[in-house]
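The values are calculated or read from the model by the stated rules, or taken from the named source; none is laboratory data. If you're wondering where the values come from, they're calculated on a predicted model, not measured in any experiment. Glycine gets a Cβ as well: all are built from the backbone with ideal geometry, and neighbour counts include every protein chain shown. Just the protein is used for accessible areas: all its heavy atoms, side chains included, with ligands, DNA and RNA removed. Shrake-Rupley method; radii C 1.70, N 1.55, O 1.52, S 1.80 Å.
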Amino acid sequence: MSIVDRIKREEGKIGIISHFDPDGDAIGSVLGMYNFLKKYKPNVEAVLKDDIPYLFQFLPGVEEIKKTPSNYYDLLLLLDVSDITRTGFDNLNFGTLARIDHHKTGTNYGDFDYINETAPSTTALIVDILKEYDEEGITKEVAEPLYAGLLTDTGGFKYGRDFKKSFETALYLSGKGIDCQEIAQKIFLRKRLEVFKLLSLALNTLTVVEDKIAYIVLRKEFFEMTGTDSQDAQSFVTYPLSVDDVAVGIKFTEADDNFWKVSLRGKNRVDLAAIAEEFGGGGHINAAGLRMKGDEETVINTVVSRILKEFE
Ligand code: 5GP
Ligand code: MN
């Protein structure tokens, strides 16, 4: 049975959940699926552990996303989540679990998983699923978050392994009454001034290693000094990646004392998902992440020296 038939058959409670620290694809996937399914299913809910970043709060249905899951779901849909632990919830109970995702790394949960690692975004996979379910149901409120996920995960159509799929999906969604210009403007051209102060501090740390790797460091005190948080810095990894000749860009974010979140971005030279996995993280070839304990110097040295090995 296909994932579409499985969802259609479900008469009980359906949960739609994505990962903690949600990005555009996580939020877009959850809202696209939720705004669609609520017209067909009386008992469906969307849940995300963390707050929705300011930039995505304009998306339709965002106020209906819950912060705590129900006790039980007959069918639980994990969207853009490589492993259930990345939901941030440790008490999820369900009858059937299905993962709809485009991550290279992760856990398989069974027959209903719908995973394609070449897809530009999880929302692109959801478009295919919803087209098969009922094209009539893909209204503006469904298409808008799905387009937002595609736009952000491709970095505004700069990254991806299957550009044909990106453009076909964008073309399809653009015919559903959405305003592509307005969505791009709301997501990319609406930064608070504080975010630029944070960026300025971050760029002061920019370091280039052997013309191959560049990194920035976001220390906890930077967020305190500027009244920002790590969500405001979601896209900053683009700066080290943008340095000419550099093949890998890294962002080290101090999440807590001696606890770092590491974002890796590449230009098709190194399989960053594989490296992230070695440290317990995961992701895609050109966009991956991991978490690491240790002081700043040790964490930076560990990650940078591991990636440098790829160039030996
Ligand atoms: P980001 O650097 O934007 O946080 O994440 C880049 C990509 O790597 C995303 O697709 C994200 O899901 C994945 N990723 C980031 N951190 C982790 C992690 O700690 N574990 C796993 N499995 N994937 C991660
Ligand atoms: Mn994604």
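Step by step: first the residues of the range 63-82, then only those that are acidic (Asp, Glu) and open to solvent by 40 Å² or more (accessible area, probe 1.4 Å), then the one that is farthest from ligand 2 (Cβ to nearest atom). Which residue is that?
Among those residues, the one meeting the criterion is Asp74.
Looking at Asp83, is it in contact with a strand residue (DSSP E or B) (Cβ under 9 Å, 6 or more places away or on another chain), farther than 20 Å from Thr152 by Cα and at pLDDT below 95?
no
Testing Ala214 on (1) assigned to a helix (DSSP H, G or I); (2) among the small types (Gly, Ala, Ser); (3) under 21 Å from Ser200 (Cα atoms), one condition comes back false. Which one is that?
Every listed condition holds for Ala214 apart from (1).
Which fully enclosed strands (runs of 3 or more DSSP E) of the range 1-80 have 3 or more residues being in contact with a Leu (Cβ under 9 Å, 6 or more places away or on another chain) and at negative phi?
14-17, 73-79
For Glu136, state whether it is open to solvent by 10 Å² or more (accessible area, probe 1.4 Å) and away from ligand 2 (no atom under 13 Å from the Cβ).
Yes.
Pick from the range 268-285 the residues that are touching a Leu at 6+ places or on another chain (Cβ under 7 Å), within 16 Å of ligand 2 (Cβ to nearest atom) and open to solvent by 20 Å² or more (accessible area, probe 1.4 Å): which of them is farthest from Lys212 (Cα to Cα)?
Gly281
Starting from residues that are in contact with a helix residue (DSSP H, G or I) (Cβ under 6 Å, 6 or more places away or on another chain) and farther than 14 Å from Glu64 by Cβ, keep the ones in the range 18-43 and report whichever is farthest from ligand 1 (Cβ to nearest atom).
Checking each candidate, the answer is Gly28.
Taking Glu45 as the residue in question, decide whether it is in contact (Cβ under 8 Å) with a residue 24 or more places away in the chain, surrounded by 15 or more Cβ atoms within 10 Å (Cβ to Cβ) and more than 21 Å from Val142 (Cα to Cα).
no
Is it fair to say Leu76 is under 19 Å from Leu146 (Cα atoms) and touching a Gly at 6+ places or on another chain (Cβ under 9 Å)?
no
Given the residues Thr169, Thr205, which is the only one that is more than 27 Å from Asn258 (Cβ to Cβ), touching a Phe, Trp or Tyr at 6+ places or on another chain (Cβ under 9 Å) and open to solvent by less than 40 Å² (accessible area, probe 1.4 Å)?
Only one candidate passes the filter, namely Thr169.
Would you check if there is a residue in the range 246-267 being in contact (Cβ under 8 Å) with a residue 40 or more places away in the chain and surrounded by fewer than 16 Cβ atoms within 10 Å (Cβ to Cβ)?
no
Looking at the structure I just gave you, is Met1 open to solvent by 50 Å² or more (accessible area, probe 1.4 Å) and among the aliphatic types (A, V, I, L, M)?
yes
Select the helices (runs of 4 or more DSSP H) contained entirely in the range 112-187, then report the ones holding at least 3 residues which are of a type in the set (Val, Ile, Thr).
Per the criteria, 122-134.
Show the residue pairs that are 6+ apart or on different chains and have beta-carbon atoms under 7 Å apart, the first residue being within the range 205-217 and in the same structural domain as Lys261 (by TED's automatic domain parsing), the second being surrounded by fewer than 20 Cβ atoms within 10 Å (Cβ to Cβ) and in a strand (DSSP E or B).
Pairs found: Ala214/Thr207; Ala214/Val208; Tyr215/Thr207.
So Asp51 ticks every box in (1) in contact with a helix residue (DSSP H, G or I) (Cβ under 8 Å, 6 or more places away or on another chain); (2) more than 28 Å from Ile178 (Cα to Cα); (3) at pLDDT 95 or above but one. Which box is left unticked?
Going through the list (1) in contact with a helix residue (DSSP H, G or I) (Cβ under 8 Å, 6 or more places away or on another chain); (2) more than 28 Å from Ile178 (Cα to Cα); (3) at pLDDT 95 or above, Asp51 breaks only (2).
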